[in-house]
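The values are calculated or read from the model by the stated rules, or taken from the named source; none is laboratory data. Treat the numbers as computed from the prediction; the structure is a model and nothing was measured. A quick note on method: Cβ atoms are made from the backbone with ideal geometry, for glycine too, and the neighbour counts reach across all protein chains shown.
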Amino acid sequence: MKQLSIIRLLDEETFFVDAGINDGIKQQQFIEVLNPKRSYKNLAQVIDVFDQYTLCKKLGKKKIFFGDTVRLRPINNNSEAPVDESL
């Protein structure tokens with residue numbers, strides 16, 4: 001997977017990432033925003049996905065900056081508990 005980063009800040013909580021539909025990003029997917037100069041990370045969620053970029057909203061409390069690295073969290077498709085067929 002290619003290195004993703006923040007390409008534009010709209011406000012304190014909303015930002016764009018340089019990846020879109022072609023990169024496999026899904027709406028409502030969670031991402032981690034990593035700051036290479038400081039040792040913390042923020043959790044964010046994808047709001048909308050476009051062809052070339054993705055709109056995200058920060059959920060964490062730490063400040064985000066232009067150029068921060070973004071890492072996609074895997075999508076959990078197994079949200080339901082497994083069913084025992086022998087019952």
Inset, instruction - Find the residue count for the range 8-66, including only residues that are part of a loop (DSSP other than H, G, I, E, B), among the aliphatic types (A, V, I, L, M) and surrounded by fewer than 17 Cβ atoms within 10 Å (Cβ to Cβ). - result: 2
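When you look at Gly67, is it modelled with pLDDT of 85 or more, touching an Asp or Glu at 6+ places or on another chain (Cβ under 7 Å) and not hydroxyl-bearing (Ser, Thr, Tyr), yes or no? Full working, then the answer.
Details: modelled with pLDDT of 85 or more: yes; touching an Asp or Glu at 6+ places or on another chain (Cβ under 7 Å): no; not hydroxyl-bearing (Ser, Thr, Tyr): yes.
Criteria not met by Gly67.
Check Phe50, Phe30, Phe15, Phe65 and return the single one that is among the aromatic types (Phe, Trp, Tyr) and touching a helix residue (DSSP H, G or I) at 6+ places or on another chain (Cβ under 8 Å). Don't jump to the end; show me each part of the working.
Numbers: Phe30 fails: touching a helix residue (DSSP H, G or I) at 6+ places or on another chain (Cβ under 8 Å); Phe15 fails: touching a helix residue (DSSP H, G or I) at 6+ places or on another chain (Cβ under 8 Å); Phe65 fails: touching a helix residue (DSSP H, G or I) at 6+ places or on another chain (Cβ under 8 Å).
From the options Phe50, Phe30, Phe15, Phe65, the qualifying one is Phe50.
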